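*Asks:* Before anything else, here's the structure in question.
The values are calculated or read from the model by the stated rules, or taken from the named source; none is laboratory data. For clarity, every value in this text was computed on a predicted model and none was experimentally measured. Positions of Cβ are backbone-derived with ideal geometry, glycine not excepted, and every protein chain shown enters the neighbour counts.
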Amino acid sequence: LQHVPLFQELSEEERQGLAPLFTEKKIRKGSVLFLEGDAGEELFIIKSGVVKIYRLDETKEIILALFREGDFFGEMSLISAGLTRSATAETLEACTLYALKRSAFVEYMEKSPKLCLKLLETTMERLRKANEQIYDLTFLGVRSRVMKTIIRLAEQHGVPSEEGLLINIKLTHQQLANMVGTVRESVTKVLQEMQEEGSLSIDKKMMTIRDLNAIKRVIR
Ligand code: CMP
């Protein structure tokens, strides 16, 4: 648990107290962990793998967040008593998760101001990102939105490589479109243009940003 940012401020003793309350779960790729509207019973922490948080209507999907190792999710319905899951969670890769029951989570929050502050800090970061998404959807065109999504992915999942910044997560054009709020064809077109311009390269479905400043310059 010491590698989980949420628990980093806790003392070793506090972490020792918390650890036995978690159950470890191994989940296959493509499994739905819970559906929007379900009653929330547990908080999840990702030990390994990637989880997609999304909302659906009949034909479309919007991806709200991608979470990976060290991230937590499922706290909203635990904290807002009486409200259900605000979105659906599905594994994008095989995952190992730690699950913490609502009662244990709430009890620990009541005991630990440090944990509450850390949770708030992360929530504020997520709210900032959500505000950014509202801004982008309101004011930016598709090309800029695709580029901003790629930059955001690089900030979250980027690892430096020889060619630039490798985005260490495999996404289909459809999944990218579902993050941007557009159709697959538009994503394919923008990615093609970026490769021609030399700002991005794609190898085995993995993107590498080759010229971050060039991308930032054209966003408006
Ligand atoms: P909960 O509502 O219990 O179930 C869905 C979870 O998705 C939610 O808790 C949060 O952990 C997460 N979530 C929902 N909306 C967002 C968002 N906009 N950004 C990041 N995470 C979110």
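*Asks:* The conditions are (1) within 12 Å of the ligand (Cβ to nearest atom); (2) under 21 Å from LEU1 (Cβ atoms); (3) not hydrophobic (A, V, I, L, M, F, W, C), and ARG128 fails exactly one of them. Which is it?
*Replies:* Among (1) within 12 Å of the ligand (Cβ to nearest atom); (2) under 21 Å from LEU1 (Cβ atoms); (3) not hydrophobic (A, V, I, L, M, F, W, C), ARG128 violates only (2).
*Asks:* Let me ask you something else. Regarding region 21-33, can at least one residue be identified that is touching a Phe, Trp or Tyr at 6+ places or on another chain (Cβ under 8 Å), of a type outside the set (A, V, I, L, M) and buried (at least 17 other Cβ atoms within 10 Å of the Cβ)?
*Replies:* Checking region 21-33: at least one residue is touching a Phe, Trp or Tyr at 6+ places or on another chain (Cβ under 8 Å), of a type outside the set (A, V, I, L, M) and buried (at least 17 other Cβ atoms within 10 Å of the Cβ).
*Asks:* If I go through region 71-98 residue by residue, how many of them are more than 8 Å from the ligand (Cβ to nearest atom) and aliphatic (A, V, I, L, M)?
*Replies:* 5
*Asks:* Assess whether MET124 counts as being closer than 30 Å to ALA19 by Cβ and within 16 Å of the chain's Cα centre (by Cα).
*Replies:* Details: closer than 30 Å to ALA19 by Cβ: yes; within 16 Å of the chain's Cα centre (by Cα): yes.
In short, yes.
*Asks:* Shifting gears a bit: Is it fair to say ALA39 is surrounded by fewer than 16 Cβ atoms within 10 Å (Cβ to Cβ), touching a residue at least 40 places away in the same chain (Cβ under 8 Å) and either β-branched (Val, Ile, Thr) or more than 22 Å from HIS3 (Cβ to Cβ) (or both)?
*Replies:* Details: surrounded by fewer than 16 Cβ atoms within 10 Å (Cβ to Cβ): yes; touching a residue at least 40 places away in the same chain (Cβ under 8 Å): yes; either β-branched (Val, Ile, Thr) or more than 22 Å from HIS3 (Cβ to Cβ) (or both): yes.
When the stated conditions are applied, ALA39 passes them.
*Asks:* Might you let me know whether region 188-203 holds any residue that is within 16 Å of the ligand (Cβ to nearest atom), surrounded by 14 or more Cβ atoms within 10 Å (Cβ to Cβ) and either within 30 Å of PRO20 (Cα to Cα) or touching a residue at least 12 places away in the same chain (Cβ under 8 Å) (or both)? Even if it seems obvious, please write down each step before you answer.
*Replies:* Here is the first cut: in region 188-203, the ones within 16 Å of the ligand (Cβ to nearest atom) are none.
No, the conditions are met nowhere in region 188-203.
*Asks:* With the checklist (1) modelled with pLDDT of 95 or more; (2) under 29 Å from VAL4 (Cβ atoms); (3) surrounded by 15 or more Cβ atoms within 10 Å (Cβ to Cβ) in hand, flag the one item MET109 doesn't pass.
*Replies:* Evaluating MET109 over (1) modelled with pLDDT of 95 or more; (2) under 29 Å from VAL4 (Cβ atoms); (3) surrounded by 15 or more Cβ atoms within 10 Å (Cβ to Cβ) leaves (1) as the failure.
*Asks:* Still on this structure: Would you confirm, using the coordinates I've provided, whether ARG68 is basic (Lys, Arg), within 14 Å of the ligand (Cβ to nearest atom) and out of contact with any Leu (no Cβ under 6 Å at 6 or more places or on another chain)?
*Replies:* On the way: basic (Lys, Arg): yes; within 14 Å of the ligand (Cβ to nearest atom): yes; out of contact with any Leu (no Cβ under 6 Å at 6 or more places or on another chain): yes.
Spelling it out, ARG68 is indeed basic (Lys, Arg), within 14 Å of the ligand (Cβ to nearest atom) and out of contact with any Leu (no Cβ under 6 Å at 6 or more places or on another chain).
*Asks:* Another question, then. Check LEU92, LEU120, LEU176, LEU171 and return the single one that is within 19 Å of GLY70 (Cβ to Cβ) and either surrounded by 18 or more Cβ atoms within 10 Å (Cβ to Cβ) or aromatic (Phe, Trp, Tyr) (or both).
*Replies:* Working: LEU120 fails: either surrounded by 18 or more Cβ atoms within 10 Å (Cβ to Cβ) or aromatic (Phe, Trp, Tyr) (or both); LEU176 fails: within 19 Å of GLY70 (Cβ to Cβ); LEU171 fails: within 19 Å of GLY70 (Cβ to Cβ).
Selected residue: LEU92, the only one of LEU92, LEU120, LEU176, LEU171 that is within 19 Å of GLY70 (Cβ to Cβ) and either surrounded by 18 or more Cβ atoms within 10 Å (Cβ to Cβ) or aromatic (Phe, Trp, Tyr) (or both).
*Asks:* How do the helices (runs of 4 or more DSSP H) wholly within region 91-186 filter down when requiring 3 or more residues that are among the polar types (S, T, N, Q): which remain? Walk me through how you get there before you give the answer.
*Replies:* Working: elements: 102-111, 113-139, 142-157, 173-180.
Because the criterion is at least 3 residues that are among the polar types (S, T, N, Q), the helices (runs of 4 or more DSSP H) in region 91-186 that meet it are 113-139, 142-157, 173-180.
*Asks:* How many residues does region 74-89 contain that are in a loop (DSSP other than H, G, I, E, B) and either exposed (fewer than 14 other Cβ atoms within 10 Å of the Cβ) or more than 17 Å from the chain's Cα centre (by Cα) (or both)? Please lay out each step first, then the result.
*Replies:* Narrowing region 74-89 to residues in a loop (DSSP other than H, G, I, E, B): 74-75, 80-87.
From what's left, either exposed (fewer than 14 other Cβ atoms within 10 Å of the Cβ) or more than 17 Å from the chain's Cα centre (by Cα) (or both): 80-84.
Qualifying residue count for the region: 5.
*Asks:* Related question: Here are some conditions: (1) modelled with pLDDT of 95 or more; (2) surrounded by 14 or more Cβ atoms within 10 Å (Cβ to Cβ); (3) within 14 Å of the ligand (Cβ to nearest atom). SER144 meets all but one. Which one does it not meet?
*Replies:* Result: SER144 passes all but (3).
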